[in-house]
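Colleague: Here you go, one structure.
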């Protein structure tokens, strides 16, 4: 197998890459989340990468399989990058998704969304996060 997964036992992506997992996820500079209905594709994709069925892209340092792109950390943990059923979020969008998830999808139950400048100065981040949570987000 070519690429960063060579010789590694691969682990599935961390739960922070799912909508429900965002509840306790660490906010990073770049955050890719599986959209509703695609939460289960990671298992199949990781198995495909491990079986050598993915295409290694040496320029992006990513594996491409089933219309999705994945990176592999040095410890063997696979992480989603982009593609069908995934959305890339910035810090504010992921933080808003985290708060909305903690509030059970009810933004009014997350007062920080209306008080914290991170959200009040970026209302589109809250709108995007709510659409992702509701399953109505259109890429």
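Colleague: Decide, for region 91-134, between rounded, prolate and oblate: order the square roots of the alpha carbon gyration tensor eigenvalues as a ≥ b ≥ c, take rounded if a/c falls under 1.5, and otherwise choose prolate if a/b is larger than b/c, else oblate.
Modeller: It is oblate, given that a/c is not under 1.5 and a/b is not larger than b/c.
Colleague: Please compute P(r) over all alpha-carbon pairs of the chain, binned at 5 Å starting from zero, and give each bin as a whole-number percent.
Modeller: 2, 11, 20, 21, 16, 12, 9, 6, 3, 1
Every read-out reported here was derived from the displayed coordinates using simple, explicitly stated rules and does not represent laboratory data. If you're wondering where the values come from, they're calculated on a predicted model, not measured in any experiment.
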